[in-house]
Amino acid sequence: MEKFIPRPELQKILDTLPTNPGVYLMKDERAAIIYVGKAINLRNRVRSYFHAPYGQDAKVWRLVERIRDIEFIVTETELEALVLECNLIKKHKPHFNVRLKDDKRYPYIKVTWQEPFPKVYVTRRMENDGARYFGPFTAVWAVHETMDTLRKIFPYLTCDREISGRDQRACLYFDIGLCLAPCIGAASREEYRATIEQLCLFLQGKTEQVTAALRAKLDEAVGKLEFERAARYRDQLQALARVTEHQKVVSTLLVDQDVIAFARDDGAACVQVFFVRGGKLLGREYFVLEGTEDENTDQVLSSFVKQFYDEAAYVPPEILLPDQIDEARIIEQWLDRARGQKVVLNVPRAGQGKELVAMAEENARVTLTSLKAQWLADETKQMSAVAELQEALGLQNPPLRMECYDISNTQGTNSVGAMVVFERGAAKKSDYRKFKIKTVEGADDYASLQEVLRRRFRRLVEDSGQRSAVSDQPSAVGGRLPGKDDSWTRMPDLVIIDGGKGQLSAAQEVLRELGIEGVNLIGLAKQEEGVFAPGRAESLRLQKSSEALKLLQRIRDEAHRFGITYHRKLRAKVGIASQLDAIPGIGPRRRRALLTRFGSIEKIRDASVEELLTVEGMTRAAAQKLKEQL
């Protein structure tokens, strides 16, 4: 086998690696983390990559070719290394690791059980706050559909009022049967919590227990001749029956299991998870993976299990897999700790378990086929719009990379600029940029636009110049600077300005000033959706049904949304600051310390005097005055 000769600086690292357990981080020429791994013996594991990479699989070969630096973190045990590896992959999303495709967190149903009158809502963040979490769900619509059903069976609070039981009137939700109205004393704290406990049991799959409890309440209400209350329990039982009739019994053992299987095709991978609770198939979710090219089944499975259960709301006592994984022992230890009880990873060879895994595999294949067809249709449609736009504007090349700029302010205050980027007709959010206007006073959109364009295209000129100067050096692979943001050096194929002739002329002036030539530049006016281009006296009118116009509108609207969001955030900060500034004894220093400590005006208002005194520089007199004013 041909041996790979590491660079001298890498060889020094390899020669001094410890033999302890730990995590290693491999970096490329830009100092970006491209792979995170764990090892029982760091020295042996990391050196193995360089012994014979050309005899290993293609993915390892490509990884080794790009490594320019290696860092490591020593841990006490392999279990600690596994936890740290999970956290680092989640944080850095390295290119060569198998990872969940979506950057966003998946939605969960949260029940604020730690509160006297728990509420139920959707969240994307699980916290160690005493609440109960159920999920994850891959589709937000599925969560809301579930919650709509739950509320009809187990009416729960959605308002923010303080529950005293002495309010004069209940809200409309009580009248239509979607709230128990503890606010007016229609339900006691104990009765309300009992209902939410039933909701939680239902989400855990314990439907027989919930049904039995409701039936007992129905019989009790009938026995006491409380027919209105009995009718409510009857309606809840009927709704519960409609839901549970779709739950399929898949195991006679009445156990809690997760069944995991996956399918791969042409670099894409889809994992299907079946949630079996009490022997019934309660639901299923699919997850798309990235970085699975040239990976073996063991690596794909172990990577998914670690990432999925790192944030799972519930870990069942048994997880069924299609194949054995090498890390099974240490992953089981980690899952034991997460669950607080024994967890087993099983690969069933026959019986119901084998059938469940096969069913999950088939669902994964069908889902992946459907997703690939959807992705292809979306890309085809997007590129069709790009081609149509090229023809409409008379461009020599298709505008594969488009940048759009928008200015937002309120009567000249808190002016901000937004830059959004679309590539191949789709948003590339990693390249979005926001600008706080620094040199313009008042509502001067033209001057604000020019400031944003100067800052953006100066970066292009400066970074591109540095990149060219470095590209001759052997250590700068691909002419990139270590640690540089590569997106600034990308010349757009089309620049879109939100506005008409005036904004377009202002943009042209900046490009001429910086000596930038050959950039396709257009303005999109809001009123009549006219497209203005340099050298054209009249605006270009695209058909309203045109895919090219819809693409331009989508980009322009996204720039407006992005800018407005940033503007509102700044305005909200100013609003908080101005409220605090109006209070005697609260100057800029104390205001800054208060916001750093509490984060919002609501939390400052809720804080006690003693809590306010924990803020640096706060006196008791100032704290008491603050409480009085707020």
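Any read-out appearing in this document is the output of simple, stated calculations on the displayed coordinates, not a laboratory observation. These numbers were taken from a predicted model, which means no experiment stands behind them. Cβ sites come from the backbone with ideal geometry, for glycine too, and all protein chains shown count toward neighbours.
A simple spin-label model places pseudo-atoms 7 Å from Cα toward Cβ; at GLU71 and LEU225 they are separated by 7.7 nm. Think of each Lys and Arg Cβ as +1 and each Asp and Glu Cβ as -1; about the Cα centre, that makes the dipole of the range 8-97 roughly 260 debye.
The relative contact order of the chain comes to 8 percent, based on Cα pairs under 8 Å that sit 6 or more residues apart. Expressed as a fraction of 2.2 N^0.38 Å, the value expected for a compact globular protein of N residues, the C-alpha radius of gyration of the range 108-249 is 1.06.
From the coordinates of this entry, Cα Rg over 2.2 N^0.38 Å is computed, and it appears in [x] 1.45; [y] 1.09; [z] 1.17 under the label [z].
Distance cut-off 22 Å, Cα to Cα: go down the list LYS119/LYS625; LYS436/LYS569; LYS90/LYS354; LYS429/LYS550; LYS603/LYS627; LYS119/LYS206 and report the pairs above it. Over 22 Å Cα-Cα: LYS119/LYS625; LYS90/LYS354. The mean sequence distance of close C-alpha pairs (under 8 Å, at least 6 residues apart), as a share of the length of the range 151-250, puts its relative contact order at 24 percent. Among PHE227, PHE598, sorting on how many other beta-carbon atoms sit within 10 Å of each Cβ, with the fewest leading, yields PHE227, PHE598. Centroid-to-centroid, using Cα positions, the range 178-247 and the range 259-294 are 34 Å apart. Annotation for GLU538 and ALA194: the two label points, set 7 Å from Cα along the Cα-Cβ direction, are 7.7 nm apart. The order of the peptides 181-194, 306-319 by mean Cβ neighbours within 10 Å, most packed first, is 306-319, 181-194. Taking Lys and Arg as +1 and Asp and Glu as -1, the other residues whose beta-carbon sits under 14 Å from that of PRO348 total -3. What separates the Cα centres of the range 498-536 and the range 98-167 is a distance of 47 Å.
Karplus-based coupling profile of the range 388-398, in residue order and whole Hz: 5, 5, 4, 5, 5, 8, x, 7, 5, 10, x, with θ = phi - 60° in 6.51 cos²θ - 1.76 cosθ + 1.60 and x standing for Gly or Pro.
Could you give the dipole magnitude of the range 257-370 about its Cα centre, charging the beta-carbon of Lys and Arg +1 and that of Asp and Glu -1, in debye to the nearest 20? Before the final figure, lay out each step's value.
Working: 12 positive and 20 negative charges, 147 e Å.
I would put it at about 700 debye.
Across the range 8-97, the relative contact order, built from alpha-carbon pairs under 8 Å that are at least six residues apart, equals 39 percent. Residues whose amide H lies under 5 Å from that of LYS280, counting only those 5 or more places away or on a different chain, are VAL250; hydrogens are built 1.01 Å from N in the peptide plane. Over all other residues within a Cβ to Cβ distance under 13 Å of TYR121, the charged ones net out to +3, with Lys and Arg as +1 and Asp and Glu as -1. Peptide packing for 547-560, 122-135 was compared via the average number of neighbouring C-beta atoms within 10 Å per residue; ordered from the highest value, the list is 547-560, 122-135. Plainly put, the range 582-629 has a radius of gyration that is 0.88 times its Kirkwood radius, both from alpha-carbon atoms, as the Rg/Rh ratio. Here the gap between LYS90 and ASP175, fully extended at 0.36 nm per residue and compared with their Cα-Cα distance, gives a gain of 26.0 nm. The three principal axes of the Cα atoms in the range 8-97 give end-to-end lengths of 32, 27, 23 Å, sorted in falling order. Which value, in debye to the nearest 20, gives the size of the charge dipole of the range 108-249 about its Cα centre, when Lys and Arg are +1 and Asp and Glu are -1 at the Cβ? The calculated dipole for the range 108-249 is roughly 160 debye. Rounded to the nearest angstrom and listed largest first, the equivalent-ellipsoid semi-axes of the range 252-309 from its Cα gyration tensor are 25, 11, 9.
Over the C-alpha atoms of the range 257-370, the Rg to Rh ratio, Rh being the Kirkwood estimate, stands at 0.94. Summed over qualifying helices (DSSP H, 4 residues or more, each -39500 (n - 2.57)) and divided by its residue number, the chain shows a 222 nm mean residue ellipticity of -14500 deg cm²/dmol.
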